[in-house]
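This report concerns only the one structure given below.
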Amino acid sequence: MKYWLMKSEAESFSIDDLAHAPRKTTCWDGVRNYQARNMLRDEMKRGDLAFFYHSGGDLPGIAGIVEIVRDAYPDHTAFDPDDHHFDAKSDPENPRWYMVDVKLVDKLPRVISLRELKQYAGDKLAGFQLLARGNRLSVMPVSAAQWKFINSLSKAK
DNA sequence: GCCAACGTTGGC
DNA sequence: GCCAACGTTGGC
């Protein structure tokens, strides 16, 4: 079992949107970065847990926890010319982009802001990819120790 | 294979 | 809205 962090722009799809989705489940479409895709397609498995990270907006940070409930399968939004995530270079015979399904496990009692996480960059969260300079990956691994520490933050204060 | 131009991400 | 940091594209 692995841990992950997945980013979503709060204004386009937030933790509350997921909470109101049927069965609190959604397909995680729109990943269009090879590094993120490779992790999502090759390493992410059903049963893994991930932090739901809000990017943009007033308070960028970790908003909740989701479970991967379906292994990677072709991202069909890449095949639809009317879709914002359309990519002519991906076709059903040879899909370029993949997605997983995620289900809401918990909305955290409070958002753990990026600002707060940065306070531990030289300590408990040393090496955390989210805090790496210039990091823009939308899917990234989280170590068990990092996972545990961040969860403890959500319960404190 | 190099690299300039361009587009995107995402914090601020 | 600004801009740094990337990733991608395409000419050569």
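The values are calculated or read from the model by the stated rules, or taken from the named source; none is laboratory data. Computed from a predicted model, the values in this text were never measured in an experiment. Here the Cβ is made from the backbone with ideal geometry for all residues, glycine too, and neighbour counts use every protein chain on show.
Details
- Among (1) at positive phi; (2) crowded, with 18+ Cβ neighbours inside 10 Å - the single one A:Gly57 does not satisfy: (2)
- Subset of region A:121-150 (residues that are without any contact (Cβ under 8 Å) to a residue 40 or more places away in the chain, away from DNA strand C (no atom under 16 Å from the Cβ) and surrounded by 10 or more Cβ atoms within 10 Å (Cβ to Cβ)): A:Lys124, A:Leu125, A:Ala126, A:Ala145, A:Lys148, A:Phe149
- Top-ranked residue of region A:1-18 - restricted to ones that are hydroxyl-bearing (Ser, Thr, Tyr) and in contact (Cβ under 8 Å) with a residue 40 or more places away in the chain, ranked as farthest from DNA strand B (Cβ to nearest atom): A:Tyr3
- For the residues A:Ala21, A:Ala72, A:Ala63, the requirement of being closer than 28 Å to A:Arg115 by Cα and either at pLDDT 95 or above or away from DNA strand B (no atom under 16 Å from the Cβ) (or both) singles out A:Ala63.
- Per the listing A:Arg41, A:Arg23, A:Arg70, the residue uniquely of a type outside the set (Ser, Thr, Tyr), in a helix (DSSP H, G or I) and without any contact (Cβ under 8 Å) to a residue 60 or more places away in the chain is A:Arg41.
- A:Met1 in contact with a strand residue (DSSP E or B) (Cβ under 8 Å, 6 or more places away or on another chain) and surrounded by 18 or more Cβ atoms within 10 Å (Cβ to Cβ): no
- Restricting region A:44-61 to residues that are outside any loop (DSSP other than H, G, I, E, B) and touching an Asp or Glu at 6+ places or on another chain (Cβ under 6 Å), the residue that is farthest from DNA strand C (Cβ to nearest atom): A:Leu49
- When residues in region A:117-147 are screened for being in contact with a Leu (Cβ under 7 Å, 6 or more places away or on another chain) and of a type in the set (D, E, K, R), 1 of them pass.
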